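Contents: one structure, followed by commentary.
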Amino acid sequence: MRAETGCAVRGWQVRSPGADIGRAMSRATMRVPRPAPGELLVAVDACGVCRTDLHVSAGDLPVHRPSVVPGHEVVGHVLELGDGVTRFRPGDRVGVAWLRETCGHCRFCLSGAENLCPGSRYTGWDADGGYADCTTVRADFAYTLPDGYSPAELAPLLCAGIIGYRALRRAELPAGGRLGVYGFGASAHLTAQVALARGATVHVFTRSPRARELALDLGAASAGDARDAPPEPLDAAVLFAPAGGLVPVALRALERGGTLAVAGIHLTEIPPLDYDRDLFQERTLRSVTSNTRTDGRELLAFAAEHRLRVSVTPYPMARAAAALTDLAADRVDGAAVLLP
Ligand SMILES: [Zn+2]
Ligand SMILES: [Zn+2]
């Protein structure tokens, strides 16, 4: 039953987080959530499947809310306004992303670094997300979305796009510089397009032959295997693959003074670094933690100005577990998106 027509919503809950991804989630029928003051009730039109959902389901991330509904790349339309909401109207198209709320008064929130707020909470981890017919979002954390894209194309922008955008900023790629992209899934293929539109030379490293094809098609200067040496030294690199073993590989590919940003929320173990070979000559290694709302608005404004090509593999919402299993097995081209 759809949210509009009754008192129940269908969705998926992570009931048994663990290595068996196919069984971590179960289908469930839930009560329609009520929008609290300041919140929107949103009908889900599309929800992207992010690698973080995999980490929530696999138990790589600790359980924050038992039986959570995953999903934090939600494109939907407003069904109902909580008390006090003036920015949106019923029927408006909105985006719901990973960063759900921050405290608003700590030193990080007050200094433009709300992504580091110790009180931050996350959609599809601390609160129920978009693997369902509807969800809620705080109006001040909901995004207005650019025209000219379908819901399925917009969904991956909301985490893959935004986090990649922040990672690119953290990598401090100089104007016209040479960027290395390690891993080429949903986030990387969007980030590469942002860098290319800004005049960068992009070199892609991935074990997937089809992803290498996509990279070249999008305008990458080269596309090699994950551990290949770049054809030229890199001014900056972003590691999208959750593979700690690639950290020294990417560091060694950097030009003197270059920066490697690690985009993921979870990374396998990093092997010991050799100071002289991997870090000396002022190479910099940085992490990327979530994003600020400013990052989100900037990426969505960029998408409004430059028509990004969003590579999507659609799945019906009823096949969410299969989508996660396929993502775990690297069988998804571009971004997997669930459609109700
Ligand atoms: Zn805060
Ligand atoms: Zn995500």
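Of the residues making up segment 86-101, those that are open to solvent by 20 Å² or more (accessible area, probe 1.4 Å), of a type outside the set (G, A, S) and more than 22 Å from L61 (Cβ to Cβ) are T86, R87, R89, P90, D92, R93. Condition check: over 15 Å from the mean Cα position of the chain (by Cα), farther than 17 Å from S187 by Cα and open to solvent by 30 Å² or more (accessible area, probe 1.4 Å). Does P316 satisfy that? Yes, satisfied. Residues of segment 119-148 that are away from ligand 1 (no atom under 16 Å from the Cβ) and part of a loop (DSSP other than H, G, I, E, B): G124, W125, D128, G129, G130, Y131, D133, A142, L145, P146, D147, G148.
The residue pairs whose first member lies in segment 43-67 and is in contact (Cβ under 8 Å) with a residue 24 or more places away in the chain, whose second member is of a type in the set (D, E) and more than 16 Å from ligand 2 (Cβ to nearest atom), and whose beta carbons are closer than 7 Å, counting only pairs six or more residues apart or on different chains, are A43/E4; A43/D133; V44/D133. For segment 55-79, filtering for residues that are within 13 Å of ligand 2 (Cβ to nearest atom) and in a strand (DSSP E or B) leaves 1. Hey, can you tell me all the residues within segment 119-146 that are within 17 Å of G296 (Cβ to Cβ) and among the charged types (D, E, K, R)? R121, R138, D140, listed by residue number.
One residue alone among A188, A211, A195, A215 is assigned to a helix (DSSP H, G or I), modelled with pLDDT under 95 and crowded, with 16+ Cβ neighbours inside 10 Å, and that residue is A211. Looking at R107, is it more than 16 Å from ligand 1 (Cβ to nearest atom), out of contact with any Ser or Thr (no Cβ under 6 Å at 6 or more places or on another chain) and charged (D, E, K, R)? Here the answer is no, as R107 does not meet what is asked.
For segment 170-185, a residue qualifies if it is touching a residue at least 60 places away in the same chain (Cβ under 8 Å) and open to solvent by 40 Å² or more (accessible area, probe 1.4 Å), and the qualifying residues are R170, E172, L173, P174, R178. Checking each residue in segment 119-129 for being open to solvent by less than 60 Å² (accessible area, probe 1.4 Å), within 16 Å of ligand 2 (Cβ to nearest atom) and not aromatic (F, W, Y) picks out S120, T123, G124, D126, A127, D128, G129.
Of the listed requirements (1) in a helix (DSSP H, G or I); (2) open to solvent by less than 40 Å² (accessible area, probe 1.4 Å), A237 misses just one: (1).
Would you confirm whether or not segment 102-118 contains a residue that is within 14 Å of ligand 2 (Cβ to nearest atom), open to solvent by less than 20 Å² (accessible area, probe 1.4 Å) and either of a type in the set (S, T, Y) or outside any helix (DSSP H, G or I) (or both)? No, because not a single residue in segment 102-118 is within 14 Å of ligand 2 (Cβ to nearest atom), open to solvent by less than 20 Å² (accessible area, probe 1.4 Å) and either of a type in the set (S, T, Y) or outside any helix (DSSP H, G or I) (or both). Taking the criterion of being in contact with a Ser or Thr (Cβ under 8 Å, 6 or more places away or on another chain) and under 26 Å from F141 (Cα atoms), the only residue of segment 16-33 that qualifies is P33. Only a single item in (1) outside any loop (DSSP other than H, G, I, E, B); (2) within 16 Å of ligand 2 (Cβ to nearest atom); (3) open to solvent by 30 Å² or more (accessible area, probe 1.4 Å) is not met by T52, and it is number (3). Going through (1) in contact with a strand residue (DSSP E or B) (Cβ under 8 Å, 6 or more places away or on another chain); (2) on the phi > 0 side of the Ramachandran plot one by one, A132 falls short only on (2).
Return the residues of segment 240-276 that are among the small types (G, A, S), touching a strand residue (DSSP E or B) at 6+ places or on another chain (Cβ under 7 Å) and part of a loop (DSSP other than H, G, I, E, B); say none if nothing qualifies. Residues satisfying the conditions are A241, A253, A263.
The values are calculated or read from the model by the stated rules, or taken from the named source; none is laboratory data. The model shown is predicted, which means the values in this text are computed figures rather than measured ones. Positions of Cβ are generated from backbone atoms using ideal geometry, with glycine treated the same way; all protein chains shown enter the neighbour counts. Just the protein is used for accessible areas: all its heavy atoms, side chains included, with ligands, DNA and RNA removed. Shrake-Rupley method; radii C 1.70, N 1.55, O 1.52, S 1.80 Å.
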